[in-house]
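Single-structure report; data block below.
The values are calculated or read from the model by the stated rules, or taken from the named source; none is laboratory data. Because the structure is predicted, anything quoted here is derived from the model rather than measured. Neighbour counts run over all protein chains shown; Cβ positions are idealised from the backbone, glycine included.
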Amino acid sequence: MHDFQFYIPPEKVRNKLVTFDGEEYRHCCRVLRKNRGDVVKVFDGYGFHYNVRILNIYDNYAEGEIIKSYPKEKSVFPEVILGVGKIKNSALDTIVSQVSSLGVAHFYPLLTRHSVKRGFKKGRFERIAIESVKQCGSAYLPKIHDKVSFDNWLNITQDEKLKLIAEQVSSMSLLKVMDEMKNIDKVTVMIGPEGGFSDDEIKTAKGNGFIPVNISKRRLRTELAVVVMLANIYSLVSMEDV
């Protein structure tokens, strides 16, 4: 049987008392019909899980008490800062869901030459992230950022040490780059929208310290390229500990 968990941000946990409201209240008390005395699992988005006994249920919120606290969950290693060229929202839904389950720390939608410029409701994508983390059983939420321009992205990431840009024509393999970088604890990654990055954008990114890497011999859709890149980074770093 699926072990449901609910998202309660730290500000709604005080003196071992927990408040369920909004979507989490509706899911817990209206959809799943949890009652007073029932014990549910809760996470705070920062690595902590709790067992919470429901004390009171009101018209639009519920109260509970923490009866068990778990040790802080180990975060996914390395920390990944991900920038993806803005694409249509239906595809972006998939990306946000997948990167949330995989454990990305920061997600930035990038406005590039070939990006879809219209529409980005941050709150909607934060909700998608929450649902994905609830489903996968993690206790960490990614930070979903507002869309940023290409130049602002370069400014935000200027001090990061290992920076990668997915580029199919690059002769540099991800394996070679990761093998040469020891003791990696943070990786910054940028992946283009449909149509990829322009030649000028690639040149500018390289000038700002981004290393072009080839992750596949085939041209991948943005959604798949994101998963392939992340899966390879996590597996290659994990191999160092084997």
task: Find the residue count for region 151-198, including only residues that are in a loop (DSSP other than H, G, I, E, B), under 21 Å from the mean Cα position of the chain (by Cα) and within 15 Å of LEU220 (Cβ to Cβ).
output: 3
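Each row is one residue, and each column tells you yes or no for (1) within 30 Å of GLU24 (Cβ to Cβ); (2) surrounded by 16 or more Cβ atoms within 10 Å (Cβ to Cβ).
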{"position": "SER115", "(1), (2)": "no, yes"}
{"position": "LYS121", "(1), (2)": "yes, no"}
{"position": "ILE130", "(1), (2)": "yes, yes"}
{"position": "GLY137", "(1), (2)": "yes, no"}
{"position": "ASP159", "(1), (2)": "no, no"}
Residue within region 221-229 that is surrounded by 12 or more Cβ atoms within 10 Å (Cβ to Cβ), within 21 Å of the chain's Cα centre (by Cα) and either free of Cβ contacts under 8 Å to residues at least 12 places away in the same chain or outside the structural domain of LYS161 (by TED's automatic domain parsing) (or both) present: yes
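Here is a check on your reading of the model: is HIS114 of a type outside the set (Val, Ile, Thr) and under 14 Å from the mean Cα position of the chain (by Cα)?
Details: of a type outside the set (Val, Ile, Thr): yes; under 14 Å from the mean Cα position of the chain (by Cα): no.
The answer is no for HIS114.
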task: Would you please list the contacts, defined by Cβ atoms under 9 Å and residues six or more apart or on different chains, that run from a residue in region 37-65 that is hydroxyl-bearing (Ser, Thr, Tyr) to a residue that is assigned to a strand (DSSP E or B) and modelled with pLDDT under 95?
output: TYR50/VAL13
- prompt: If you check ASP199 against the conditions, is it more than 24 Å from HIS114 (Cβ to Cβ) and loosely packed, with under 15 Cβ neighbours inside 10 Å?
  reply: no
Candidates SER101, SER90, filtered to the one that is in contact with a helix residue (DSSP H, G or I) (Cβ under 9 Å, 6 or more places away or on another chain), surrounded by fewer than 20 Cβ atoms within 10 Å (Cβ to Cβ), in the same structural domain as GLN135 (by TED's automatic domain parsing) and not in a loop (DSSP other than H, G, I, E, B): SER101
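From the residues in region 66-84 that are small (Gly, Ala, Ser) and in contact (Cβ under 8 Å) with a residue 40 or more places away in the chain, which one is farthest from ILE191 (Cα to Cα)? So that I can check it myself, show each step before the final result.
Narrowing region 66-84 to residues small (Gly, Ala, Ser): 69, 75, 83.
Next, only the ones that are in contact (Cβ under 8 Å) with a residue 40 or more places away in the chain stay: 75, 83.
Values: SER75: 23, GLY83: 6 Å.
The selected residue is SER75.
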- prompt: Does region 38-49 contain at least one residue that is at pLDDT below 95, hydrophobic (A, V, I, L, M, F, W, C), more than 17 Å from the chain's Cα centre (by Cα) and crowded, with 16+ Cβ neighbours inside 10 Å?
  reply: no
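Residue-by-condition table, conditions (1) part of a strand (DSSP E or B); (2) over 15 Å from ALA139 (Cα atoms); (3) in contact with a Pro (Cβ under 8 Å, 6 or more places away or on another chain):
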residue	(1), (2), (3)
ILE54	yes, yes, no
ALA62	yes, yes, no
GLU65	yes, yes, no
LYS74	no, no, no
PHE77	no, no, no
HIS114	no, yes, yes
LYS117	no, yes, no
- line: LYS186 vs (1) farther than 20 Å from VAL104 by Cα; (2) surrounded by fewer than 17 Cβ atoms within 10 Å (Cβ to Cβ): all pass except (1)
query: In this structure, does LEU141 turn out to be touching a helix residue (DSSP H, G or I) at 6+ places or on another chain (Cβ under 8 Å) and more than 24 Å from ILE215 (Cβ to Cβ)?
result: yes
